Each structure stands twice: as structure tokens, then as C-alpha cells.
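A short write-up of the structure that comes next.
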Amino acid sequence: MENKQVTLSIILVVILGCIIMALVEILIVPNYFTKSLIKICIFLLLPLIVCIKQRAISFKALFKGSKKSIFFALIFGIVVYGFILGAYFILGPFFDFSMVTTNLENNLGVTKENFLFVALYITSVNSLLEEFFFRGFSFLSLKQVSSRKAAYIFSALAFAIYHVAIMNNWFTPPLFILLIVSLFIAGLLFNYLNERFNNIYVSWIVHMSANLAINTVGFILFGIIKIS
């Protein structure tokens, strides 16, 4: 009975967090700094409230890593960085990325001048925040009180759907669908890394590498890095 209550609490909190952030993205449309502050509050406070009320949940184990796991994450992260950047150079000519910088500038106030600071935040802080919420809380914690399969699917699906509101109108429909499917697969991969090493450090480092690759593409799109 207790496990069912904890399971329901985790699922409802994750759904609530995603809905709140979607409403922020669609209705409030704040600048990136304000949105980041709201996200930090939602993605940290909601899980902590559940942790306080439900004794079955503890976040201490999420931050216990080893040198071996960190080394693996660094190597895997380099591979992921190369894969994403390679995919952009190979597939980029077939898709239209012109709406990306326009939406960033018009909706979030992200410009060529401040993109470096935004990229640093996305790569480090934002990736850790998402790993804590989507993997530490909605996967590892959920897996302890529910089925492994349900935790895998729910966490990855929530991670992908969460990004729908963020990237709405950024890309053409085919590219948008491809990215959402890729995010779901990435969520499953991050879950596997968490399960294998029983912490969020490995998936965080890999997530940072993926974000670094995406931000590198952003530097190219903004013309900060010029490719002849």
C-alpha cells in the first residue's frame, strides 16, 4: 500500500512539474533567466517535498559515484559529442534550422551576445537539474517502488514530452518529430546508465556532453563559430 502511494506521488509530481513548465513556456513566455529560476524551484522543490513526506525515498545514493564510473562517463561523453556533431554536419543540409535562432531571440531573449553564458548554464547546471528530476527522481526513485519497465518508459516519455513545449515552432515538423523520438531514446539510455551505476553522475556527464554538442551547433547557427 505504501509503495503504491509513493509511486502515485512521484508520477503526479513529475506530471505536475512538466505541466507547470509547459504553461510557463506557452503562456508566460519569460526570458531565459526568469524561466531558469522557475525551473530550478519546480524541479528541486517538488521532489524534495515528496522526499520529506515519503520516507521510502532518499536522494543520498544518487550522488555516490566511483572513479571507474566517472572515467567511463567521460569516454562515453566524448563519443556522444562526436556523434551529435557528426550527425549535424551530415544531416544538417537536409533540414531547416533557421527558426532556431529566431525563436531563441524572440521568445527567450537569447542572442549572439549572451549565448555563451546561456550555453554554459545549459551544459552544466540545467543538465544536472534535469538528471536529478527525470532520472534520479522519476526513474531511480520510481523503480524502487514500482516495476522496472514502468519506470523506464515513464521517465523517458516524461523527458521527451517535457521538451515539446520548449521546442515548439523551433523546427519543421519532420525534424521536430525526429528530435522528440531521439529524446525518448536518449531518456532510455540515460536510465540504463543510472541503473548500471546506481547514481546520476554518469548520465549527467553524458548529458553535459550532449548539451555541449548541441550548444556547439548553436554557436554555428549564431555565427559565433564560422564553418567555411
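Descriptive notes on the structure:
- Scaled against the 2.2 N^0.38 Å expected of a compact globular protein of N residues, the Cα radius of gyration of the chain reads 1.02.
- Angle of helix 148-166 to the longest C-alpha principal axis of the chain, folded into 0 to 90 degrees and rounded to 10: 40°.
- Counting only alpha carbon atoms, the long axis of helix 98-108 and the longest principal axis of the chain meet at about 60°.
- Listed from fewest to most Cβ neighbours within 10 Å, the set ARG55, ARG196, ARG135 follows the order ARG55, ARG196, ARG135.
- Seen from ALA22, the other residues with C-beta closer than 14 Å to its C-beta sum to a net charge of +1, counting Lys and Arg as +1 and Asp and Glu as -1.
- A straight line joining the Cα centroids of segment 122-176 and segment 46-89 runs 12 Å.
- Ordering PHE197, LEU23, SER155 by the projection of their Cα atoms onto the charge dipole of the chain, which places +1 on the Cβ of Lys and Arg and -1 on the Cβ of Asp and Glu, puts PHE197 at the extreme positive end.
Read-outs throughout are calculated quantities, based only on the coordinates presented, and are distinct from any laboratory measurement. Note that the coordinates shown come from a computational prediction; the quantities given were computed from them, not determined experimentally. Neighbour counts run over all protein chains shown; Cβ positions are idealised from the backbone, glycine included.
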